[in-house]
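Asker: My questions will all concern the structure given below.
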Amino acid sequence: MQKKILITGANGQLGRSLSNLLKDHFNILGSDLNIANIERSSIASIEMDITNFENVNNIVKKYNPDIIINTAAYTNVDQSEVHRDLAWSVNVHGLENIIKASEQSTRIIHISSDYVFDGKNGPYKEDDKTYPISYYGRTKLAGENALRGSRRKFLILRPNVLYQSTTHDQASFFAWVYTSLNQEKNINVVTDQTSNPTWVIPFSQVILKCIVLNTEGIYHYGSDDNINRYEFALMIARTFDFDESLINPIITDDLKQLAARPKHSGLCTDKIQSELDVKVYPIQYCLDQIKLGMN
Ligand SMILES: NC(=O)c1ccc[n+]([C@@H]2O[C@H](COP(=O)([O-])OP(=O)(O)OC[C@H]3O[C@@H](n4cnc5c(N)ncnc54)[C@H](OP(=O)(O)O)[C@@H]3O)[C@@H](O)[C@H]2O)c1
């Protein structure tokens, strides 16, 4: 019999990609606050607010999944400083509700973030010291700790600067740059934040492999090269033939954002490559694949 997998946040960037990939291999139930788009993608779907324990408990008890993949999150880093209760409720209590509602035997795969680190000396290894510098980062670390302390079988995957192949996602730096340049808008992009952005397509394949191999623990996944946001924006402009002079280089302090950002971030992928034999791709390859898919 096919394994049953409940995906939370199935309407988000990662949730959509995962649902599409996993539906050919497993019995999938996609859940989110708004399921209109999931319904269109032909997987079974249900509205579920992970902050509402009764809601989560009813659905989990009825569906009885073998695995729950928690991609749902409050992902707005600056607004997390303002709406602290909501960010904590989704990113921490939401996961606690999933843990409490599910059977001990249910495996939980949770998506975290490089924002659990302070960004002073990345790229980070899995066992490097965590020290979030934003409230969003604190909620992501508290979520990790809730799962680690639950004595459940778990897998925590940390991506960074996640992006879809689509260009409308709120939580995607790629989508913001693509859409702005496509509309010939000038954008200010920082030169002092480095990372190795994670494209959801290979990341979803990594998650599939982790399911098949019953992988447990904490793993990082990102691209092969560490670059700053300005360099990433230039690559996007060049790949999609946009006017790169629209991109104005600035530094993080100029933005006066509500939340502090890790500057020298990025995630070391040696562990996942050597233990799980997964591939890590150059950013240019990922952008080229997105372009090919658009044609
Ligand atoms: N985006 C990044 O750059 C990035 C980087 C590193 C790690 N991550 C992590 O990767 C994971 C996936 O991120 P993503 O970029 O795919 O995020 P996303 O596109 O914002 O998707 C998150 C989904 O969760 C839903 N959601 C929010 N509150 C919920 C609730 N109470 N109950 C159920 N669903 C809820 C959102 O619905 P609404 O849209 O209706 O609110 C959205 O569909 C998250 O854990 C995130 O923290 C993201």
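Asker: Among the numbered conditions (1) in a loop (DSSP other than H, G, I, E, B); (2) more than 29 Å from Asp254 (Cα to Cα); (3) not acidic (Asp, Glu), tell me where Thr166 comes up short.
Answerer: Condition (2) is where Thr166 drops out.
Asker: Among the residues of region 125-136, which ones are under 14 Å from Gln193 (Cβ atoms) and of a type outside the set (A, V, I, L, M)?
Answerer: Answer for region 125-136, where residues must be under 14 Å from Gln193 (Cβ atoms) and of a type outside the set (A, V, I, L, M): just Ser134.
Okay, residues lined up against (1) assigned to a strand (DSSP E or B); (2) out of contact with any strand residue (DSSP E or B) (no Cβ under 7 Å at 6 or more places or on another chain); (3) buried (at least 17 other Cβ atoms within 10 Å of the Cβ):
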{"site": "Tyr230", "(1), (2), (3)": "no, no, yes"}
{"site": "Leu234", "(1), (2), (3)": "no, no, yes"}
{"site": "Arg238", "(1), (2), (3)": "no, yes, no"}
{"site": "Ser245", "(1), (2), (3)": "no, yes, no"}
{"site": "Gln257", "(1), (2), (3)": "no, yes, no"}
{"site": "Arg261", "(1), (2), (3)": "no, yes, yes"}
{"site": "Ile272", "(1), (2), (3)": "no, no, yes"}
{"site": "Gln284", "(1), (2), (3)": "no, yes, no"}
{"site": "Leu287", "(1), (2), (3)": "no, yes, yes"}
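Asker: Would you confirm, using the coordinates I've provided, whether Ile218 is within 16 Å of the ligand (Cβ to nearest atom), part of a strand (DSSP E or B) and touching a residue at least 24 places away in the same chain (Cβ under 8 Å)? Lay out the reasoning, then the answer.
Answerer: Details: within 16 Å of the ligand (Cβ to nearest atom): yes; part of a strand (DSSP E or B): yes; touching a residue at least 24 places away in the same chain (Cβ under 8 Å): yes.
Criteria met by Ile218.
Asker: Among the residues of region 2-17, is there at least one that is among the polar types (S, T, N, Q), within 12 Å of the ligand (Cβ to nearest atom), part of a loop (DSSP other than H, G, I, E, B) and closer than 22 Å to Tyr135 by Cα?
Answerer: There is no residue in region 2-17 that is among the polar types (S, T, N, Q), within 12 Å of the ligand (Cβ to nearest atom), part of a loop (DSSP other than H, G, I, E, B) and closer than 22 Å to Tyr135 by Cα.
Asker: Which residue, of Ala171, Ala175, is within 30 Å of Leu246 (Cβ to Cβ), aliphatic (A, V, I, L, M) and in a loop (DSSP other than H, G, I, E, B)? Steps first, answer last, please.
Answerer: Values: Ala175 fails: in a loop (DSSP other than H, G, I, E, B).
That would be Ala171, the only listed residue that is within 30 Å of Leu246 (Cβ to Cβ), aliphatic (A, V, I, L, M) and in a loop (DSSP other than H, G, I, E, B).
Asker: How many residues does region 125-144 hold that are crowded, with 24+ Cβ neighbours inside 10 Å and either over 27 Å from Phe53 (Cα atoms) or among the basic types (Lys, Arg) (or both)?
Answerer: Counting residues in region 125-144 that are crowded, with 24+ Cβ neighbours inside 10 Å and either over 27 Å from Phe53 (Cα atoms) or among the basic types (Lys, Arg) (or both) gives 1.
Asker: Okay, moving on. Please report, ordered by residue number, the helices (runs of 4 or more DSSP H) entirely within region 41-159 with at least 3 residues that are more than 11 Å from the ligand (Cβ to nearest atom) and small (Gly, Ala, Ser).
Answerer: Filter on region 41-159 gives an empty set.
Asker: Can I ask one more? Any residue in region 168-179 that is among the small types (Gly, Ala, Ser) and away from the ligand (no atom under 12 Å from the Cβ)?
Answerer: no
Asker: Looking only at region 178-210, filter to residues that are in a strand (DSSP E or B) and out of contact with any Cys (no Cβ under 9 Å at 6 or more places or on another chain); which one of those is surrounded by the most Cβ atoms within 10 Å (Cβ to Cβ)?
Answerer: Ser195
Asker: Which members of region 81-107 meet the condition of being touching a Phe, Trp or Tyr at 6+ places or on another chain (Cβ under 6 Å) and buried (at least 21 other Cβ atoms within 10 Å of the Cβ)?
Answerer: Scanning region 81-107 gives Ala87, Val90, Asn91, Asn97.
Asker: If you check every pair at least six apart or on different chains, which have Cβ atoms under 8 Å apart with a residue in region 1-29 that is of a type in the set (Phe, Trp, Tyr) first and a residue that is more than 16 Å from the ligand (Cβ to nearest atom) and in a helix (DSSP H, G or I) second?
Answerer: Phe26/Ile211
Asker: Looking only at region 256-273, count every residue that is more than 22 Å from Thr75 (Cβ to Cβ) and free of Cβ contacts under 8 Å to residues at least 40 places away in the same chain and tell me the total.
Answerer: Final tally of qualifying residues: 1.
Only the coordinates and a few stated rules stand behind these numbers; no lab work does. Keep in mind the model is a prediction, meaning the values are calculated, not measured. Please note: Cβ atoms are built from the backbone with ideal geometry, for glycine as well, and neighbour counts cover all protein chains shown.
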